[in-house]
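Peer 1: Take a look at this one; I'll ask things after.
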Amino acid sequence: DVKVTQSSRYLVKRTGEKVFLECVQDMDHENMFWYRQDPGLGLRLIYFSYDVKMKEKGDIPEGYSVSREKKERFSLILESASTNQTSMYLCASSPPLPGQGLEQYFGPGTRLTVT
Amino acid sequence: GQSLEQPSEVTAVEGAIVQINCTYQTSGFYGLSWYQQHDGGAPTFLSYNALDGLEETGRFSSFLSRSDSYGYLLLQELQMKDSASYFCALDSNYQLIWGAGTKLIIKP
């Protein structure tokens, strides 16, 4: 079974802190994604990566950065956390090719609260 | 740009059939996916339509009509465990464009 793991299920941070969210997948997938999910808004893409050291901005990249130094690991960084970044963060991975269903496999999510 | 619309909430009775609609606006895409998400859980893949028509997977079926910019997810013989949110998503060049989700409430 594909497994996507995230470093924390729940996280509480203070405004202005630098926050690291880690995601690891074990299926050798090329593509990895970071989303945030807020009630009524569905999943919004923050960043994605289709190869090691490659990254592309999604719909809402402001206030975030990412790092992909190894194929299996994709990190999301909040440079200076703010209260409006309180959300559920979901990591996903998928095989490489569009038009193949792009079935995305999700981690369990990290619920981040910024106070 | 690309966008998808689906109802925010649908209510149905256990054992019945329910259809969750998804309309979209896009300049091009490879296919339409459906995901299920239980409260507190992660989204899980249900189905994918690359071509127009109906795809059946057990109690779940999904339909796509590119000419109508429309798709739907059909759930038959509803069970209480089907209570969840359902998302349609466009497969668009390395990423998925997601709808806001439909919360399915099932009554006994």
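Since every read-out is calculated from the coordinates, none of them should be taken as a lab result. Model, not experiment: these values are computed from the prediction. Neighbour counts are summed over all protein chains in view; Cβ atoms, including those assigned to glycine, are modelled from backbone coordinates with ideal geometry.
Peer 1: What FRET efficiency do you get for B:Ala50 and A:Lys57 if R0 is 30 Å and r is their Cβ-Cβ distance, rounded to the nearest 0.05?
Peer 2: Step by step, r from the Cβ atoms, then E = 0.65.
Peer 1: Which peptide among B:9-19, A:84-94, B:64-74, B:26-36 comes first, and what is the full order, when sorted by highest mean count of other Cβ atoms within 10 Å? Present the calculation step by step, with values, prior to reporting the outcome.
Peer 2: On the way: B:9-19: 13.4, A:84-94: 21.5, B:64-74: 16.5, B:26-36: 19.3.
For the peptides B:9-19, A:84-94, B:64-74, B:26-36, the packing ranking is A:84-94, B:26-36, B:64-74, B:9-19.
Peer 1: Given q = 0.11 Å⁻¹, what are the Debye log10 I(q)/I(0) values for chain B, with equal point scatterers placed on the Cα positions and solvent ignored?
Peer 2: For chain B, the Cα-only Debye profile gives -0.31.
Peer 1: Given the protein assembly as shown, what percent of its DSSP beta bridges are antiparallel, to the nearest 5?
Peer 2: 90 percent
Peer 1: Under a point-charge model restricted to the Cβ atoms of Lys and Arg (+1) and Asp and Glu (-1), what is the dipole moment magnitude of the protein assembly as shown relative to its Cα centre, in debye to the nearest 20?
Peer 2: Details: 20 positive and 26 negative charges, 159 e Å.
Computed about the Cα centre, the dipole is about 760 debye.
Peer 1: Another question, if that's okay. Tell me the label-point distance for the pair B:Ala16, A:Glu17, using the 7 Å Cα-to-Cβ offset, in nm and rounded to one decimal.
Peer 2: About 4.6 nm separates the two model spin labels.
Peer 1: Rg to Rh ratio, the range B:4-64, alpha-carbon atoms and Kirkwood radius?
Peer 2: 0.96
Peer 1: What number do you get for the protein assembly as shown when its Cα radius of gyration is normalised by 2.2 N^0.38 Å, N = residues?
Peer 2: Ratio of Cα Rg to 2.2 N^0.38 Å: 1.02.
Peer 1: Also, quick follow-up: Using a 10 Å cut-off around each Cβ of peptide B:45-54, what is the average number of partner chain Cβ atoms that fall inside?
Peer 2: That average works out to 2.
Peer 1: Over every pair of different alpha-carbon atoms in chain A, take the mean of 1/r and invert it; report that Kirkwood radius in Å.
Peer 2: 14.1 Å
Peer 1: Kindly state, to the nearest 0.05, the FRET efficiency for B:Ser65 paired with A:Arg73, given R0 = 30 Å and r defined as their beta-carbon distance.
Peer 2: With R0 = 30 Å, the Cβ-Cβ based efficiency is 0.15.
Peer 1: Continuing with the same structure: Which entries in A:Lys3/A:Lys53; A:Lys13/B:Lys81; A:Lys3/B:Lys107; A:Lys13/A:Lys71; A:Lys13/B:Lys103; A:Lys3/A:Lys71 show an alpha-carbon gap greater than 23 Å?
Peer 2: Over 23 Å apart, Cα to Cα: A:Lys13/B:Lys81; A:Lys3/B:Lys107; A:Lys13/A:Lys71; A:Lys13/B:Lys103.
Peer 1: Between A:Asp26 and A:Ser80, 0.36 nm times their residue separation minus their Cα-Cα distance comes to what? It would help to have the intermediate numbers written out before the result.
Peer 2: Values: separation 54, 0.36 × 54 = 19.44 nm, distance 2.98 nm.
Taking 0.36 nm per residue and subtracting the Cα distance, the gain is 16.5 nm.
Peer 1: If you keep only loop residues by DSSP, which GluC sites (Glu not before Pro) in the range A:48-115 have at most 12 other Cβ atoms within 10 Å of their Cβ?
Peer 2: A:Glu62, A:Glu79
Peer 1: Of the trypsin sites (Lys or Arg not before Pro) in the range A:36-102, which ones lie in a loop per DSSP and count no more than 11 other C-beta atoms within 10 Å?
Peer 2: Answer in residue order: A:Lys53.
Peer 1: Pick from A:Leu41, A:Leu11, A:Leu76 the residue whose mean-square fluctuation is largest in a GNM of chain A, springs joining Cα atoms under 10 Å.
Peer 2: Looking only at A:Leu41, A:Leu11, A:Leu76, the largest GNM fluctuation is found for A:Leu41.
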